[in-house]
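Data block below; observations after.
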Amino acid sequence: MNHAQLRAFHAVAEAGGFTAAANRLGLTQPAVTLQVRALEETFRVELFHRRGRQVLLTDIGTALFGLTRRLFATEEEARELLEDAGGLARGRLRVAADGPYFVIGLIASFRARHPGIEISVAIGNSRQARQSLLDYAADVAVLATASGDARFLELPYGRKEVVLVVPAGHPWARRKSVRLGELAGQKLILREPGSSTRRAFEEALTAAGIAPEIALEIGSREAVREAVAAGLGLSVVLREEFGRDDRVRPIPFADAEIFTEEHVVCLKERQGNRAIAAFLALLEHGSPERGG
């Protein structure tokens, strides 16, 4: 099987187009097109649906892309191993996280120990981060929930309190706490269903027999804060995420302990990767959350 043809296919699938793939590979667009066409002709398959400049993976193309993700991730690990047999002087670590607040301390600790490693961070919700691990698009993830999925190694990292957030002009704004039952009938603004903060909050509401009135779903923490400040409803955030904003007020719950449990996650089959193992080792040596 022609490695260059597979590389060209993978680049097109990853970049979403032939021109973008050519730029990544440092080739001309016709050269990439020829490589992919040769692969298709050799095996008598169609890997992409071509619609003008847009390309979409066919079913067989999608299946092949799943394999090439693993192939080139393993190739990258082999390259790093051979280039740096004596230590982590060079390499790359791709980190996924469901928020910026808890991953940054770990990255700072990792960078201090391994300054030669290139680090990239992608922020999304927990569901997206786990999928990026399965797709070999990320190496490790820092997430506020454990899935129990046997494919993942999930190591506890820290515990985060969920608090209510209300507009500064709300009647509760000066209160020291609020009871869950008081939320009945209140308009709530929540993150998307993949949010671990939302999941922890809804589990607490269900346990208390409270049916939430969801006025608005928003896909980012910043947008939730703006919506609360505008008086569109109440919401919940992790206390550590709150920061300083005089337009809104955080209030703890008096009758419920609502927490998310931060975890560092990777695929079990990849925990032996040198950069991943070094990141996991931060938890043994003491992390910023644990005061080590």
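Return the calculated 222 nm mean residue ellipticity for the chain, to the nearest 500 deg cm²/dmol, obtained by summing -39500 (n - 2.57) across DSSP H runs with n ≥ 4 and dividing by the residue count.
Counting only the DSSP helices, I get -12500 deg cm²/dmol.
Output the relative contact order of the stretch 159-259, whole-number percent, from Cα pairs under 8 angstrom with separation of 6+ residues. Mind dumping the intermediate values first?
Values: 185 pairs, mean separation 52.4, N = 101.
Value for the stretch 159-259: 52 percent.
With the cut-off at 1.5 for a/c, could you classify the stretch 3-68 from its C-alpha gyration tensor as rounded, prolate or oblate?
Verdict is rounded for the stretch 3-68.
Cα convex hull of the chain: how many Å³ per residue?
Dividing the Cα hull volume of the chain by its residues yields 172 Å³.
For the chain, what's the relative contact order in percent, using C-alpha pairs closer than 8 Å and at least 6 residues apart?
20 percent
Around ALA173, under 12 Å between beta carbons, what's the net of Lys plus Arg minus Asp minus Glu among the other residues?
+4
If I take R0 = 35 Å and measure r between the Cβ atoms of GLU240 and ASN2 in this structure, what FRET efficiency does the formula 1/(1 + (r/R0)^6) give, to the nearest 0.05?
So the FRET efficiency works out to roughly 0.10.
Evaluate the distance, in nm, between pseudo-label points positioned 7 Å from the Cα of LEU34 and of ALA184 along their respective Cα→Cβ axes.
7.4 nm
Report, in degrees rounded to the nearest 10, the 0 to 90 angle that the Cα long axis of helix 274-285 makes with the longest principal axis of the chain.
Helix 274-285 sits roughly 30 degrees off the main axis of the chain.
Report the label-to-label distance for ARG175 and ARG44 in nanometres (one decimal), using points 7 Å from each Cα along the Cα→Cβ vector.
The answer from the label model is 7.2 nm.
For THR19 and ARG53 in the same chain, what is the full-extension length gain: residue separation times 0.36 nm, less their Cα-Cα distance, in nm?
So the chain would gain 11.4 nm between THR19 and ARG53.
Once the mean 1/r over all distinct Cα pairs of the stretch 59-176 is inverted, what Kirkwood radius in angstroms do you read off?
Evaluated over the stretch 59-176, this radius sits at 17.0 Å.
Obtain the nm distance between the two label points defined at THR206 and GLU118 by a simple spin-label model: each point lies 7 Å from its Cα along the Cα-to-C-beta direction.
4.3 nm
Check the straight Cα-Cα distances from LYS176 and name the lysines below 21 Å, setting aside those fewer than 8 residues away within the same chain.
Output for LYS176: LYS160, LYS187.
Which percent, nearest 5, of DSSP beta bridges in the chain are antiparallel?
60 percent
Can you give me the Cα centroid spacing of the stretch 221-261 and the stretch 95-129 in angstrom?
So the two Cα centres are separated by 23 Å.
Going by Cα centres, the stretch 37-86 and the stretch 1-22 are how many Å apart?
6 Å
A short reminder: the numbers here are calculations on the coordinates, not readings from a lab. Bear in mind the structure is a predicted one, so any value in this text is a computation, not a measurement. Note that we place each Cβ from the backbone using ideal geometry, even for glycine, and neighbour counts take in every protein chain shown.
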